[in-house]
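In what follows, a structure is listed as structure tokens, so that the remarks can point back to it.
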Amino acid sequence: GQQLNQSPQSMFIQEGEDVSMNCTSSSIFNTWLWYKQDPGEGPVLLIALYKAGELTSNGRLTAQFGITRKDSFLNISASIPSDVGIYFCAGPNQFYFGTGTSLTVIP
Amino acid sequence: EAGVAQSPRYKIIEKRQSVAFWCNPISGHATLYWYQQILGQGPKLLIQFQNNGVVDDSQLPKDRFSAERLKGVDSTLKIQPAKLEDSAVYLCASSFEGSSYNEQFFGPGTRLTVL
């Protein structure tokens with residue numbers, strides 16, 4: 001079945017650093033979604049992208065819908081301790097979720 | 001606004017036993033989803049309901065898993081009999097309607113351990 005590959009799998013960064021992660025699919029998507037999951041909680045939607053090339057921001061988060069429509073990128077600027085968690089990408093209708101990127105922010 | 005409620009939060013059973021999970025979606029949300037999240041992986045969609053009808057259950061192992069959404073509100077997911085590989089967090093989510101343009105809201109999940 002369809003797989004969404006995320007990289008990196010995990011990241012350990014210093015507070016204040018910027019973070020970049022990406023997600024690739026084997027199929028063309030018309031929607032890309034980015035979620036964050038805290039321990040013991042369900043995922044929470046961060047950003048939704050609906051158009052190839054689209055660049056969307058939500059505070060310190062910026063996500064881009066790749067031009068090939070097979071990838072997407074999420075950037076977090078000036079990381080803070082509460083950014084800790086697992087970040088997932090998802091395709092249309094949230095039928096497929098990525099493998100996740102675990103982020104640790106060191107104060 | 002109350003979020004998606006799930007119970008129990010934790011369940012430990014032995015293999016071959018049966019188990020059921022309950023979900024109460026956000027009021028007014030027509031679409032309800034059940035996901036299985038195995039440790040270290042992303043959520044995997046098991047079944048999607050629109051009101052009380054099934055929209056997609058292509059990834060539901062129907063030989064042992066069943067789900068229902070009577071009256072188009074609450075939903076239950078059942079596993080009978082459970083296997084060791086069913087150990088996972090079972091997430092319920094709801095949205096106003098079923099497209100990607102409508103945000104899904106997730107519950108906290110039920111963590112199932114099968115011994």
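A prolate overall shape is assigned to the protein assembly as shown, the ratio a/c of its alpha-carbon gyration tensor axes (a ≥ b ≥ c) being 1.5 or greater and a/b exceeding b/c.
By the equivalent-ellipsoid construction on the alpha carbon gyration tensor, the stretch A:1-101 comes out with semi-axes of 21, 15, 12 Å, ordered largest to smallest. Listed by chain and number, the lysines placed with their C-alpha closer than 18 angstrom to that of A:K51 are A:K70; residues fewer than eight positions away on the same chain are left out. Bridges between two residues of the stretch A:5-107, per DSSP, are antiparallel at a rate of about 85%. Between A:L45 and A:Q3, full extension at 0.36 nm per residue minus the direct alpha carbon distance yields a gain of 13.2 nm. Farthest toward the positive end of the dipole of chain B, out of B:N51, B:L84, B:Q37, is the Cα of B:L84, where the dipole comes from beta carbon charges about the Cα centre. For peptide A:89-96, the mean count of partner chain Cβ atoms within 10 Å of a residue's Cβ comes to 6. Considering only A:Q3, A:V44, A:F29, the residue lying farthest towards the positive end of the dipole of the stretch A:1-65 is A:F29, judged by Cα position with unit charges set on Cβ. For A:M21, A:M11, the sequence from fewest to most other C-beta atoms within 10 Å is A:M11, A:M21. Would you please classify the overall shape of chain B from the alpha carbon gyration tensor, given that a ≥ b ≥ c denote the square roots of the eigenvalues, rounded means a/c under 1.5, and beyond that prolate means a/b larger than b/c while oblate covers the rest? Because a/c hits 1.5 or more and a/b exceeds b/c, chain B counts as prolate.
Which trypsin sites (Lys or Arg not before Pro) from the stretch B:1-82 combine a DSSP loop assignment with at most 16 other Cβ atoms within 10 Å?
B:R9, B:K15, B:R16, B:K62, B:R64
Given the pairs B:K11/B:K62; A:K36/B:K11; A:K36/B:K83, which are separated by over 27 angstrom at their Cα positions?
Violating the 27 Å Cα-Cα cut-off are A:K36/B:K83.
If the chain linking B:Q50 and B:T113 were pulled fully straight, counting 0.36 nm for each residue of separation and taking away their Cα-Cα distance, it would gain 19.8 nm.
Taking a straight Cα-Cα cut-off under 19 Å and skipping sequence neighbours fewer than 8 places away in the same chain, the aspartates and glutamates within cross-link reach of B:K15 are B:D63, B:E85, B:D86. Its residue count N fixes a reference of 2.2 N^0.38 Å for the stretch B:1-55, and the Cα radius of gyration divided by that reference is 1.31.
Readers should treat all values here as calculations from the given coordinates under stated rules, not as data from a laboratory. Computed from a predicted structure; not experimentally measured. Note that we place each Cβ from the backbone using ideal geometry, even for glycine, and neighbour counts take in every protein chain shown.
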